[in-house]
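The values are calculated or read from the model by the stated rules, or taken from the named source; none is laboratory data. Quick caveat, the model's predicted, so the values are computed rather than measured. Heads up, the Cβs are rebuilt from the backbone with ideal geometry, glycines too, and the neighbour counts pull from every protein chain shown. Note: accessible area is taken over every heavy atom of the protein model, side chains too, but ligands, DNA and RNA are not part of it. Shrake-Rupley method; radii C 1.70, N 1.55, O 1.52, S 1.80 Å.
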Amino acid sequence: MQSLNDFVAGKLAVLDRSNLHRALAETERLDGVWVERGGRRLVSFCCNDYLSLSQHPSIKAAAIAAIERYGVGSGASRLVTGNHPLFGRLEAQLARLKGTAAACAFGSGYLANTGIIPALVGQDDLVLIDELSHACLWTGARLSRATVRPFHHSDAAEVEALLHVHRGRHPRALIATDGVFSMDGDLAPLPQLSALAKRYDAWLMTDDAHGLGVIGGGRGSSFAFSAPVEVPLQMGTLSKAIGGYGGYLCASDPVIDLIHNRARTFVYATGLPPAMVAAALAALGLIEREPGYAALPLTKARSFTRLTGLPEAQSPIVPLIVGKADAALAASRQLETEGILVTAIRPPTVPAGTARLRFTFTAAHPDSEIERLAALVRKMLARHLESATP
Ligand SMILES: Cc1ncc(COP(=O)(O)O)c(C=O)c1O
């Protein structure tokens with residue numbers, strides 16, 4: 001259709017003009033850290049496989065054994081014939097780790113968020129959401145048709161003010177936030193949010209995609225403070241530190257029962273393949289047995305922030321905010337010429353004017369590569385300071 005192609009070409013031209021056109025770059029991941037792109041071997045600092053479990057021999061063996069025994073796919077929605085016995089084991093393990101009564105696995109983290117929120121709140125209700133929350137938390141909030149009120153990043157005082165003014169007008173209220181912010185690496189102020197949630201009878205929900213396995217002794221953001229924080233809705237993904245694919249919600253028994261009945265992305269979607277469930281079970285077992293290994297990504301991120309003078313890392317994610325999209329692209333290209341892969345993150349993934357390099361650290365990064373990266377980043381920062389000096 002000519003009109004379709006013309007319309008799309010116009011949209012793409014706008015993206016091109018603002019350096020926001022993205023393109024897929026074929027990349028072969030050789031192990032947890034090294035990749036091959038364009039015929040070159042690069043060390044990657046932009047992968048969420050924080051513990052390199054996607055490559056771990058015992059986890060691969062668990063997935064292969066599950067494929068050999070049960071086949072590749074799960075065949076149907078879990079409510080029809082796709083509820084493989086492995087799911088019960090995975091959900092029990094997730095619930096134990098997160099300190100909840102129950103859990104529910106989803107096809108992905110994105111599916112989890114877009115299913116959970118509309119199952120719990122609707123048209124009359126209120127959702128308060130951190131402005132920097134992940135796109136799928138936003139999608140879930142919007143799909144719910146509740147009144148969605150964003151609050152400034154990690155601003156618990158603003159949450160209180162919003163609850164004070166608006167809570168009484170809505171039968172139910174949800175406070176939604178990333179536990180670890182995916183593009184900034186900082187932690188949400190969960191102790192304060194939890195206290196407010198209790199005071200105003202609001203339900204606190206965290207997206208802990210980047211917390212599970214790597215902070216709070218591997219148990220995630222609710223466990224990263226001086227005392228465990230009560231978070232009744234702990235969502236996360238199996239695609240980052242767990243190394244596979246899939247999402248989950250840890251919550252009470254009745255909440256999970258309702259999710260089984262009302263979350264459309266659970267009811268009307270095919271269950272995860274048994275191999276992914278088996279891999280996640282093996283990965284969670286490894287994280288529980290080896291807390292020292294699970295702590296390594298944060299230790300490595302902290303050694304990078306120490307070497308570069310950047311604010312101390314709170315998670316394995318460290319941002320270097322560059323500003324304009326073209327400057328972030330140039331910085332990324334420069335690192336690539338040095339054999340280092342760090343993708344530039346541009347709007348709309350991050351707010352306009354805050355394009356950045358987002359470094360992620362894994363247990364397997366050699367210290368020598370972190371030192372080399374830090375030296376290059378120090379040079380970039382020095383050049384930036386020089387050019388900013390009148
Ligand atoms: C904070 C956050 N939430 C949710 C997701 C989506 O999870 P999934 O990739 O499992 O769909 C991601 C990343 O992809 C994420 O970074």
Of all residues in the range 237-266 being more than 21 Å from residue 101 (Cβ to Cβ) and in a helix (DSSP H, G or I), the one that is most open to solvent (accessible area, probe 1.4 Å): 264
Filter the range 83-120 for residues that are in contact (Cβ under 8 Å) with a residue 12 or more places away in the chain and basic (Lys, Arg) and give the result. 89, 98
Name the one entry in 58, 52 that is open to solvent by 50 Å² or more (accessible area, probe 1.4 Å), touching a residue at least 12 places away in the same chain (Cβ under 8 Å) and of a type in the set (S, T, N, Q). 58
Does residue 86 count as farther than 25 Å from residue 157 by Cβ, away from the ligand (no atom under 16 Å from the Cβ) and not in a loop (DSSP other than H, G, I, E, B)? yes
Filter result (under 29 Å from residue 56 (Cβ atoms) and away from the ligand (no atom under 14 Å from the Cβ)) within the range 233-255: 250, 251
The listed residue being in contact with a His (Cβ under 7 Å, 6 or more places away or on another chain) and either more than 16 Å from the ligand (Cβ to nearest atom) or of a type outside the set (Ser, Thr, Tyr) (or both), out of 178, 184: 178
Within the range 165-191, residues being open to solvent by 10 Å² or more (accessible area, probe 1.4 Å), in contact with a Phe, Trp or Tyr (Cβ under 8 Å, 6 or more places away or on another chain) and assigned to a helix (DSSP H, G or I) number 2
Selection status of residue 271, at pLDDT below 95 and in contact with a Ser or Thr (Cβ under 8 Å, 6 or more places away or on another chain): no
Within the range 1-41, the residues that are under 30 Å from residue 284 (Cβ atoms) and either of a type in the set (A, V, I, L, M) or part of a helix (DSSP H, G or I) (or both) are 30, 33, 35
Which residues, counting only those in the range 192-222, are of a type in the set (Gly, Ala, Ser) and either within 16 Å of the ligand (Cβ to nearest atom) or part of a loop (DSSP other than H, G, I, E, B) (or both)? 202, 209, 211, 213, 216, 217, 218, 220, 221, 222
Only one of 159, 80, 148 is away from the ligand (no atom under 16 Å from the Cβ), without any contact (Cβ under 8 Å) to a residue 24 or more places away in the chain and outside any loop (DSSP other than H, G, I, E, B). Can you tell me which? 148
By residue number, the members of the range 361-370 that are surrounded by 13 or more Cβ atoms within 10 Å (Cβ to Cβ) and over 22 Å from residue 210 (Cα atoms) are 369
Of the conditions (1) of a type outside the set (A, V, I, L, M); (2) at negative phi; (3) touching a residue at least 60 places away in the same chain (Cβ under 8 Å); (4) in a loop (DSSP other than H, G, I, E, B), residue 234 satisfies every one except a single condition; which number is it? (4)
Can you name the number of the only condition in (1) within 16 Å of the ligand (Cβ to nearest atom); (2) touching a Leu at 6+ places or on another chain (Cβ under 6 Å) that residue 98 fails? (2)
Any chance you could count how many residues in the range 128-145 are polar (S, T, N, Q) and within 11 Å of the ligand (Cβ to nearest atom)? 2
For residue 132, all conditions in the list (1) of a type in the set (A, V, I, L, M); (2) surrounded by fewer than 19 Cβ atoms within 10 Å (Cβ to Cβ); (3) assigned to a loop (DSSP other than H, G, I, E, B) hold save one; what is the number of the exception? (2)
Check on residue 118, of a type outside the set (Val, Ile, Thr), closer than 27 Å to residue 219 by Cβ and either open to solvent by 20 Å² or more (accessible area, probe 1.4 Å) or touching a helix residue (DSSP H, G or I) at 6+ places or on another chain (Cβ under 8 Å) (or both): no
